[in-house]
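Quick notes on the structure that follows.
The values are calculated or read from the model by the stated rules, or taken from the named source; none is laboratory data. Just so we're clear, the structure is a prediction, and the values are computed from it rather than from any experiment. Heads up, the Cβs are rebuilt from the backbone with ideal geometry, glycines too, and the neighbour counts pull from every protein chain shown. With ligands, DNA and RNA removed, areas are computed over all heavy atoms of the protein, side chains included. Shrake-Rupley method; radii C 1.70, N 1.55, O 1.52, S 1.80 Å.
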Amino acid sequence: SSDLRAMRDSGIPREEIWVTSKLWALGCRGDGYAYGLKQAQESLRKLGTHMDMYLIHSPHNPRQRIRMWLALEELQRKGSVMSIGVSNYGPHQLEELLQSQETTVVPSMNQIEVNPFLLRDDIDEYCRSKGIAIQAWAPLAKAAKLDHPVVSKIAATHSVSSAQVMARWSLQR
């Protein structure tokens, strides 16, 4: 793939590049464990290297959530994946993982949409209480709010772009 080629051609040592991939759970039609292992192996084959972070993207079926998570735990034990996390999980789905008698690893990250116009305080509070880091996706609100008057005023006051204001908000939060 072009991403792999870019990584190799960059001249940057692999240990200085953070590789994250995501298990798209919506494609699962059967056992989440087998599906999770199969998808991860395909990602690993395409990447040609281990993954630093592997995330499960919001499966709707509670049993599949647990089974997929168990697959990620296995991949982490084998060293194919260094760190495991989730994407778009609320407190209820996280609690399912943490309360399961089968799981043993707390997600290291929850990737959620969060920006100054979409506060996720309930998820943020829950994750902080469990030691789960939050990673924002769409921290610039999909560029839909870059012209918002408040953001524009702050940007003008500090002689920076609206995107920089929103990125700074995310970093400080």
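Couple of notes before you dig in:
- Unmet criterion (only one of (1) of a type outside the set (D, E, K, R); (2) in contact (Cβ under 8 Å) with a residue 12 or more places away in the chain; (3) part of a loop (DSSP other than H, G, I, E, B)) for Trp169: (3)
- Filter result (modelled with pLDDT under 95, touching a Ser or Thr at 6+ places or on another chain (Cβ under 9 Å) and either at positive phi or of a type in the set (A, V, I, L, M, F, W, C) (or both)) within the range 113-142: Val114, Ala136, Trp137, Leu140
- Boolean, Asp31 is among the acidic types (Asp, Glu), in contact with a helix residue (DSSP H, G or I) (Cβ under 7 Å, 6 or more places away or on another chain) and either open to solvent by less than 60 Å² (accessible area, probe 1.4 Å) or free of Cβ contacts under 8 Å to residues at least 60 places away in the same chain (or both): yes
- Enumeration of residues in the range 130-166 that are open to solvent by 50 Å² or more (accessible area, probe 1.4 Å), under 23 Å from the mean Cα position of the chain (by Cα) and free of Cβ contacts under 8 Å to residues at least 24 places away in the same chain: Lys142, Ala143, Ala144, Gln164
- The range 47-67, subset in a helix (DSSP H, G or I) and in contact with a strand residue (DSSP E or B) (Cβ under 9 Å, 6 or more places away or on another chain), residue farthest from Tyr89 (Cα to Cα): Leu47
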